[in-house]
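The values are calculated or read from the model by the stated rules, or taken from the named source; none is laboratory data. Computed from a predicted model, the values in this text were never measured in an experiment. Quick reminder, even Gly has a Cβ in these numbers, built from the backbone with ideal geometry, and neighbours come from all protein chains shown. Side chains included, ligands, DNA and RNA excluded: accessible areas come from the protein's heavy atoms. Shrake-Rupley method; radii C 1.70, N 1.55, O 1.52, S 1.80 Å.
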Amino acid sequence: MPRMVMRVALLASECEPWAKTGGLADVVDALARALGRLPEAGTEIAAPVDVFLPRYRSVPVPADAVGEPALRIEDPAGGAPIEVAIVDVAADGYRLRLVDVPRAFDRDAFYDHPDDPWRFAVLCRAALAALRRDGTPLDVLHVHDWHTGPALLERARGEAAGDPLFADLAVVATLHNLAYHGWTPLAQLGQLGLAPGEPLAGTNPDGIDLLLTSIERSEVVNTVSPGFAREALMPAFGMGLDGALRAKGDRFIGILNGIDPTVWDPATDTALAAPYMRGSLGGKAACRRDLLGRLGFDPDDEGVVAGTIGRMDPQKGFDLLADGARDLLEAGVRIVVQGSGHASLADPFRALAAANPTRVALIERFDRDMARRIYAGADLFLMPSRFEPCGQGQMIALRYGTPPVVRRTGGLADSVIDVDDRPGEGTGFVFDRATPAALVAAIGRATALRAEDGSAWAALVDRGMAVDFAWDTGPASAYLGAYRRAVAIRRG
Ligand code: GLC
């Protein structure tokens, strides 16, 4: 029997470097590239993998992008048919297919518009129309977070109508964040082409939860670490979806994200003042001086500089750091925060930086180069998240030789080993309680080790830099396994 070659498409609301607000974008891009490399290893995914993404206003369309012939789809909300332009971009290792519907996507912000259910229903319908027109059967559609939940509604409708595109089409759904459900109340059901009470609208009489739709109707569901997959089964972390996830049984799994070791490499990172690598860390000291100089901190002060980077979202625990900052400053720790998002979460850091301009810095924007300088130039990297499906900063920090201080939750607990728990294997500092005191105590352990035992510190840094988080090593083949499984389930 000939080996089956699977055709796979990813459908998402973000993809680095085209459109990013968070880690979802990095994962979609890195996974698509890693999948594209799998055929060389003799596995069975057809190259190139397609990634469908909205063409938001800010998406930079390269000059060599190729427009496909115009498509016309039915308006999910029942209005006049919608013209869709699909623009193909040869991305690095995959084919990016931008879904261009100006009425839906030519706006300033990606999210939080009153017609979001409609916008993402249009995305899903348009992507599936493009795949139908391709003529080559699609085996696996890989959807991400709530924005691509409407694809499951499309499949159910298409199946009922006998559309051949859907006969064998398996769906894998990845949950990057359970906090955002795409809740669509009754009054907005029409945006999805649903009427209250019809079977597709699900069992909730008040509306439809698009993330729940993805969970219930996909063949295989995963979240982005084994630790968070266990937590998500419990009411405290499941955000109302734990029951649906428990019901999924062994069709709900955890796959730890990777990072791309070529994208994140202090030996080649052009944003850094000097290159460095495992075993040759001279450049890291130059990066530290450079960072401190840019921040207006004293570069000759050897005291700990703790950095953190993330979306300003309650999830990330920035408030724990803000509330612990006074104790940290008293202990001689300096703090660098880079974040974008909820401005109110940055308020305390703005005040701290104004009062202590040479000891606290706030970079209130998403700045790629500055982020790299923080990963390299800081002495510690903080991730005090309340919950964290995976997290990426801790992995980058390890690779950049900057030991992470993390809460024992989700993917953080799966990727950082506490050095006091396992002295010969530890890569960072892990704390349990979501309190400022617990964070301050963990930073205190780090500060003491760094000051008192240079060789133990160097060994800790070295072990962290040696950890292999590459997509190709583990996660990409775990997704391949999930795709195979989904296909087998779908074909019964
Ligand atoms: C979300 C999660 C984060 C994860 C990322 C990529 O942003 O909050 O933990 O790393 O998605 O999967």
Could you tell me whether Gly282 is at pLDDT 95 or above and exposed (fewer than 15 other Cβ atoms within 10 Å of the Cβ)?
yes
Members of region 311-362 that are under 29 Å from Glu16 (Cα atoms), in a strand (DSSP E or B) and either charged (D, E, K, R) or at pLDDT 95 or above (or both):
Arg311, Ile335, Val336, Val337, Gln338, Ala361, Leu362
Matching residues, region 343-388, being of a type in the set (Lys, Arg) and open to solvent by less than 60 Å² (accessible area, probe 1.4 Å):
Arg372, Arg373
Search result, residues across region 396-413 that are under 16 Å from Asp379 (Cβ atoms) and either within 14 Å of the ligand (Cβ to nearest atom) or open to solvent by less than 10 Å² (accessible area, probe 1.4 Å) (or both)
Ile396, Ala397, Leu398, Tyr400, Gly401, Thr402, Pro403, Pro404, Val405, Val406
Restricting to region 278-293, what's the tally of residues that are touching a residue at least 12 places away in the same chain (Cβ under 8 Å) and either under 18 Å from Leu380 (Cβ atoms) or out of contact with any strand residue (DSSP E or B) (no Cβ under 9 Å at 6 or more places or on another chain) (or both)?
11
Which one of Gly464, Gly393 is under 15 Å from Gly317 (Cα atoms), open to solvent by less than 50 Å² (accessible area, probe 1.4 Å) and either within 26 Å of the chain's Cα centre (by Cα) or not assigned by TED's automatic domain parsing to the domain that holds Glu302 (or both)?
Gly393
Condition first: in contact with an Asp or Glu (Cβ under 7 Å, 6 or more places away or on another chain), part of a strand (DSSP E or B) and open to solvent by 30 Å² or more (accessible area, probe 1.4 Å). Now tell me which residues in region 63-89 satisfy that.
Val66, Arg72, Ala85
Scan region 247-258 and give yes if some residue there is touching a Cys at 6+ places or on another chain (Cβ under 8 Å) and not polar (S, T, N, Q), otherwise no.
yes
Filter result for the condition that a residue is in contact with a Gly (Cβ under 8 Å, 6 or more places away or on another chain), surrounded by fewer than 17 Cβ atoms within 10 Å (Cβ to Cβ), modelled with pLDDT of 95 or more and not assigned by TED's automatic domain parsing to the domain that holds Ile363, over Ala232, Ala267, Ala274:
Ala274
From the list Gly464, Gly492, which residue is small (Gly, Ala, Ser) and part of a loop (DSSP other than H, G, I, E, B)?
Gly492
Check whether at least one residue in region 14-28 is open to solvent by 30 Å² or more (accessible area, probe 1.4 Å), small (Gly, Ala, Ser), within 16 Å of the ligand (Cβ to nearest atom) and outside the structural domain of Arg311 (by TED's automatic domain parsing), and report yes or no.
yes
Starting from residues that are aliphatic (A, V, I, L, M) and without any contact (Cβ under 8 Å) to a residue 60 or more places away in the chain, keep the ones in region 221-231 and report whichever is nearest to the ligand (Cβ to nearest atom).
Ala229
Selection within region 99-122 - over 23 Å from the mean Cα position of the chain (by Cα), part of a helix (DSSP H, G or I) and in contact (Cβ under 8 Å) with a residue 60 or more places away in the chain
Trp118
Taking Asp260 and the conditions (1) open to solvent by less than 30 Å² (accessible area, probe 1.4 Å); (2) out of contact with any helix residue (DSSP H, G or I) (no Cβ under 6 Å at 6 or more places or on another chain), which numbered condition does it fall short on, given that it satisfies the others?
(2)
Please list, ordered by first then second residue, the pairs with beta carbon atoms under 6 Å, 6 or more apart or interchain, first in region 68-87 and touching a residue at least 24 places away in the same chain (Cβ under 8 Å), second surrounded by 14 or more Cβ atoms within 10 Å (Cβ to Cβ) and of a type in the set (Phe, Trp, Tyr).
Ala77/Trp118
Residue in region 180-201 that is open to solvent by 30 Å² or more (accessible area, probe 1.4 Å), in a loop (DSSP other than H, G, I, E, B), of a type in the set (Ser, Thr, Tyr) and under 20 Å from Asp112 (Cα atoms) present:
yes
